[in-house]
1. From the square roots a ≥ b ≥ c of the eigenvalues of the alpha-carbon gyration tensor of the range A:254-351, which class results: rounded (a/c under 1.5), prolate (a/b over b/c), or oblate?
2. Mind running the shape call on the range B:175-306? Use the C-alpha gyration tensor, a ≥ b ≥ c as the square roots of the eigenvalues: rounded below 1.5 for a/c, prolate if a/b tops b/c, oblate otherwise.
3. Determine the calculated [θ] at 222 nm for the protein assembly as shown from helices alone, applying -39500 (n - 2.57) to every DSSP H run no shorter than 4 residues and normalising by the residue count; nearest 500 deg cm²/dmol.
4. Rounded, prolate or oblate for the protein assembly as shown? Axes are the square roots of the Cα gyration tensor eigenvalues, ordered a ≥ b ≥ c, and the cut-off for rounded is a/c under 1.5.
5. Considering only DSSP beta bridges with both partners in the protein assembly as shown, what is the antiparallel share in %, to the nearest 5?
6. What residues have an amide H closer than 5 Å to that of A:Leu334, excluding those fewer than 5 places away on the same chain, when H is modeled at 1.01 Å from N in the peptide plane?
7. Taking θ = phi - 60°, what integer Hz values does the Karplus form 6.51 cos²θ - 1.76 cosθ + 1.60 yield along the range A:288-295, in sequence order, with x for Gly and Pro?
8. Distances from B:Gly147 to the same position in the other copies: list them in nm, one decimal, shortest first, using label points 7 Å from Cα along Cα→Cβ.
Protein chains: 2
Amino acid sequence: MSKKGVSASKQATTSKVTIVDVAEKAGVSLGTVSRVINNDIHVATETRERVLAVTKELGYVANRQARSLAGGKTNTIGVIVRDLGTGYIGEIIRGIDSELNLSGVDLVLYTTHRMVSKEASYVASLAQGMVDGLLLVLPRSPVDYIGTLMEHNFPFVLIDHQGTGTDCPAVGATNWQGAYNATEYLIKMGHQRIGFITGSMDLGCAEDRLQGYRSALRTHHITEDAELIYEGDFLQTDGYTGASALLDLPNPPTAIFASNDVMAMGVMDAVRNRGLRVPNDISVIGFDNIPQSAMVFPTLTTVQQPLEQMGRVATQMLLGILKTPEKESGRIELPTELLVRNSTSAPIDRAG
Amino acid sequence: MSKKGVSASKQATTSKVTIVDVAEKAGVSLGTVSRVINNDIHVATETRERVLAVTKELGYVANRQARSLAGGKTNTIGVIVRDLGTGYIGEIIRGIDSELNLSGVDLVLYTTHRMVSKEASYVASLAQGMVDGLLLVLPRSPVDYIGTLMEHNFPFVLIDHQGTGTDCPAVGATNWQGAYNATEYLIKMGHQRIGFITGSMDLGCAEDRLQGYRSALRTHHITEDAELIYEGDFLQTDGYTGASALLDLPNPPTAIFASNDVMAMGVMDAVRNRGLRVPNDISVIGFDNIPQSAMVFPTLTTVQQPLEQMGRVATQMLLGILKTPEKESGRIELPTELLVRNSTSAPIDRAG
DNA sequence: CAATAATTTGGAAACGCTTCCAATTTTAGC
DNA sequence: GCTAAAATTGGAAGCGTTTCCAAATTATTG
């Protein structure tokens, strides 16, 4: 008593209502209350309603920790992201969030701050039972731990990553097709020299976008010019320096395709900084469609990645795996879409 | 046995090492192992080392759920944020994260997606025992629940919010001073007509920044012109429309001070969109110093808010409260600093 | 050297819930 | 109307810790 008295005073909340209180008040056993809470079929309708009423009356809230301990699952999933700086991740999390809300599962967030080493260590410790499953957003070096994860049969879904070789649950976007379409759009508008700024080339999506660009050129019989390809790292400054380099070329491009929107912003800065205009002098096109893209001026033509939807779908997949682990689930590709806005136009005829 | 066999096969991880296994192997009681793990003083050095060795050998990892259940605390804190779209929140979380890493406490993230209603409901359910404490980043309507929180004596810290009237743990920045300094800097450079774009006026920080701007004008005997103040909502588009409106004035400003960096980006867009140049024709100044500010061109002069540090300090405060609840902690204000970059210069002499 | 105090350890009772087994009640079948 | 099957419920054994109490061991003191 005295012992409990002390800890109770330190207890922040007054919520001391347990399943036992409910059982007592409802005149049933504790097991029955548990069944009601967990929507077990084996409980009479009349009993269920009575229990539910008492539950509400007493303001009973299940103790997560106890449930986890007894039930063997945490009702929590871990989300590992690289950083939170750009709108990109935020959109994905929005999708994850909304899906999780419906299922009463919680989200524990881990940020690696672009440090590769942290990725593996987070994965290791989280898989140790702290969470039921893992969502890996834009993982950098999944090879390090995917093997372990699969070996231990630990549920996880990759978001926006491809090309591990092994076939594992993942959701991505049609990066190749998106880049192809965007490039083709520029070509059909009359652009012949199109600069390209890549993303982090250790990421599958970056590679795919580059290949899409290349294929489009090839299809339209435009010889690829290595000078027009600048390797970036998905950061705004890369867009700026890349565009600057491209514009310094003896024969500069009339359009620049950046592998993500953030770099495209940098490109626009660089273009304007030289007194050129977007899109009049240089067309600019991005990839992702982060919220900001519609808010800058000129608004950015970009390849929309269904970021929120990707988060949502990945969450559904993970929840599905959690429910029925035996059911195999592979890679899902969500379609990208070219969003034409105001940063692109036909090239001016310099020859004329 | 058969029962465990089944659930074991469903168990994802192989980590079945419990405190009991360690105790057995080390030849001590389970209580002793617990003491070692928790750094209890009452354990012989020799015993401690032996236990520690076994712990490592067996790869023992404490079960969080069980600890929480038995110990009465979750070792988790909840972080409630508005959104993740801008770098602003990301920086703060980075600070929280690094501080939390050191203490082995976990972070459960809740995003309200700018929906005020969600704030209160999250707070309510989290305070119900799911987390030990709460970090509220840029809360919108804290009045709704701060009372309840304090009543129940539930640990929490407000980040970047002021003016609730009640004195509660909070960390903020010297918004007033920052705005004052920025405005004064512009004035001293020769600007007389300075446009101002406010943030969400239901947020204390936005109000403070406006007042800082006003005070600086007053100090330097510049009559305030209501036309030069445009009410925004911290979004990029507000910067654009606000700047457009200001530039349309018969007597437009020579400098524009946006209440945050994101809006300042919008301002720069608007300025350039009219064929004017930053900073030659119009000086632009922001507030926050999000990472992007150093990456745009021209780089943005801004008032640096120590965002990461705010996250860090707030976390320390919360952890402190968790440890010694009786110790009162009030509001902490971290200093802001004017960061002069390339988006500001002396005004051109139009009269001349 | 006995007696007392201090240190170290073992043991067991929670923590709040899930889940299995068995008992009880109800329903169906003939 | 009686038996077998199905539905419903109660009871209890964990889940892996923490923490309190008491026992055992060691050190201290007069």
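No lab work stands behind these numbers, since they all come straight from the coordinates. Since the model is a prediction, treat every value here as computed from it, not as a measurement. Note that each Cβ is placed from the backbone with ideal geometry, even for glycine, and that neighbours are counted across all protein chains shown.
1. Note, shape of the range A:254-351 comes out prolate.
2. rounded
3. Working: 26 runs with 312 residues, N = 704.
It comes out at -14000 deg cm²/dmol, rounded to the nearest 500.
4. On the way: a/c = 2.23, a/b = 1.44, b/c = 1.54.
Taking the square roots of the gyration eigenvalues as a ≥ b ≥ c, the protein assembly as shown is oblate.
5. Bridges in the protein assembly as shown are about 10 percent antiparallel.
6. Result for A:Leu334 returns A:Gly172, A:Ala173, A:Thr174.
7. Karplus values, whole Hz, x for Gly and Pro: 2, 6, 6, x, 4, 4, 8, 9.
8. 6.0
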